[in-house]
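Asker: One structure coming up, written as structure tokens, with questions to follow.
Every read-out reported here was derived from the displayed coordinates using simple, explicitly stated rules and does not represent laboratory data. Predicted, not measured: the structure shown is a model, and the values here were computed from it. Here the Cβ positions follow ideal geometry from the backbone for every residue, glycine too, while neighbour counts run over all protein chains shown.
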Amino acid sequence: MAHDPIGIIMNGVTGRMGYRQHLLRSVLAIRQAGGVLLADGSRVQVEPLLVGRSESKLAEIAKQHDIPDWTTDLDAALSDPRWQIYGDFQITSARVAAIKQAIAAGKAIYTEKPTAGTLDEALELAALARSAGVKNGVVHDKLYLPGLRKLARLVESGFFGRILSIRGEFGYWVFEGDWQPAQRPSWNYRAEDGGGIVADMFPHWNYVLENLFGPVEAVYARAVTHVPTRVDEAGQEYPATADDAAYAVFELAGGVLAQINSSWAVRVNRKELVEFQVDGTHGSAVAGLFGCRAQHRTATPKPVWNPDLAETHDYFTDWAEVPDNDTFDNGFRTQWEQFVRHVAEDAPYSYDLLAGARGVRLAEAGLESSRTGRRIELPALGKDA
Ligand SMILES: NC(=O)c1ccc[n+]([C@@H]2O[C@H](COP(=O)([O-])OP(=O)(O)OC[C@H]3O[C@@H](n4cnc5c(N)ncnc54)[C@H](O)[C@@H]3O)[C@@H](O)[C@H]2O)c1
């Protein structure tokens, strides 16, 4: 069966995520493959429309990748029925206004996280999309990483027995920008531009925790700004008004405790930039972006605390690598393919703007906890909200 191509407005395509993950690795890779495979075996092709603020940058990307359509006029793009999906990869603070416009124009919405700067705005977007009847999706990329897919496999197999706790370490040193340029955009360190590690990472932790282990029911967090002054892309010194590290405890349904450190002011001493250790009554595992190592109760050593004797046992050898047993495509692309199927043939899709709002809520609650020193409870916020 032949299908009309699905036109995708790609706003913010000159940015890190917009260009590399959403354009190159996802939409252009799908276009190159002849489109998205549907349930009946046919394919639907995708066509990008590049949208941004800089005509010259858009023209350059369009030329380089043989993309016929680009514009700086978002209104015109939204009023053209050729484009069915609005994709948003802009800086966070520009997102809400653009998504509202796109919902009003009847477009399906696919967006980066966080969906908004506040819970009220995030819920408003979810409600607007629902009442307008437009399909909507929010990036949940970490769930598609090989390491977390293997971890999910262990959870589903019952390997852990009763899960007790999760410990996550995320972070690396982000250069201050003076003697070495920073490797992240400066807006990430300005609260007024939607920056901050809590706003950036807690939405990820929310969907990772709720999809692998259960919904987050309460949070205690301490967010700090370890590096108070940074140097921006133009070489100008600026005050870092946003948090660059957060130390948090998340309470999950069923009494599971997750403790996650997130920091752009830490040096890496682990196998990957993020690692989660899960401990259960029957086994434990440590998952990163790609790898996952497991230790069953039958392979668990019996250490005895003795400060008088130097350690001779290598605890790392007690862990066994979980095999791939699968091919893992780029997660952004896989999620795009699922969303295109949702639009094209109504395939089920659960990572919607309400799921995105739960992520924003966790970030907001984390910052409130840090400000007040209180533990913040999070009532269920499901489909009927
Ligand atoms: N899913 C993930 O793993 C992940 C990782 C990093 C960032 N993100 C999210 O993706 C979004 C983009 O982040 P990025 O790291 O690609 O940022 P970036 O600074 O590299 O790109 C930002 C894009 O927004 C555009 N933009 C629109 N209005 C702007 C304005 N007023 N000021 C500056 N830029 C403006 C820029 O032109 C650029 O195309 C953010 O919402 C961020 O939270 C997600």
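Asker: Nearest 5 is fine: what % of DSSP beta bridges in the chain come out antiparallel, could you say?
Answerer: Taking every DSSP beta bridge within the chain, about 60 percent pair in antiparallel fashion.
Asker: For an R0 of 30 angstrom, estimate the FRET efficiency from the Cβ-Cβ distance between Thr298 and Asn325 and round to the nearest 0.05. Each step should come with its number before you reach the end.
Answerer: Details: r = 21 Å, r/R0 = 0.70.
In this case the efficiency is close to 0.90.
Asker: How do Ser131, Ser26, Ser369 line up, fewest other C-beta atoms within 10 Å first? Mind dumping the intermediate values first?
Answerer: On the way: Ser131 9, Ser26 27, Ser369 22.
Listing Ser131, Ser26, Ser369 from fewest to most nearby Cβ atoms yields Ser131, Ser369, Ser26.
Asker: Still on this structure, I have one more. For the range 198-237, which GluC sites (Glu not before Pro) pass both filters: DSSP loop (anything but H, G, I, E, B) and at most 16 other C-beta atoms within 10 Å?
Answerer: Qualifying residues, ordered by number: Glu233.
Asker: I've got another one for you. Tell me the net charge near Ser369. Cut-off is 15 Å between Cβ atoms, Ser369 excluded, with +1 for each Lys or Arg and -1 for each Asp or Glu.
Answerer: Taking every other residue near Ser369 into account, the sum is -1.
Asker: Of Phe250, Phe290, Phe276, which has the largest mean-square fluctuation in a 10 Å C-alpha GNM of the chain?
Answerer: Phe290
Asker: Taking R0 as 35 Å, what's the FRET efficiency between Ser93 and His3 from their Cβ-Cβ distance, rounded to 0.05?
Answerer: That pair, Ser93 with His3, gives E of 0.45.
Asker: With springs only between Cα atoms under 10 Å, which of Leu209, Leu257, Leu309 fluctuates most in a Gaussian network model of the chain?
Answerer: For the chain, modelled as a Gaussian network with Cα springs under 10 Å, the answer is Leu309.
Asker: Next up: Which one, Ser54, Ser350, Ser165, has the greatest fluctuation when you compute a Gaussian network model over the chain with C-alpha springs under 10 angstrom?
Answerer: Highest fluctuation of the listed residues: Ser54.
Asker: Say the cut-off is 20 Å between C-alpha atoms; which of Lys150/Lys302; Lys113/Lys142; Lys113/Lys135; Lys150/Lys271; Lys100/Lys135 go over it?
Answerer: Numbers: Lys150/Lys302 26 Å; Lys113/Lys142 12 Å; Lys113/Lys135 16 Å; Lys150/Lys271 16 Å; Lys100/Lys135 13 Å.
Where the Cα-Cα span goes over 20 Å, the pairs concerned are Lys150/Lys302.
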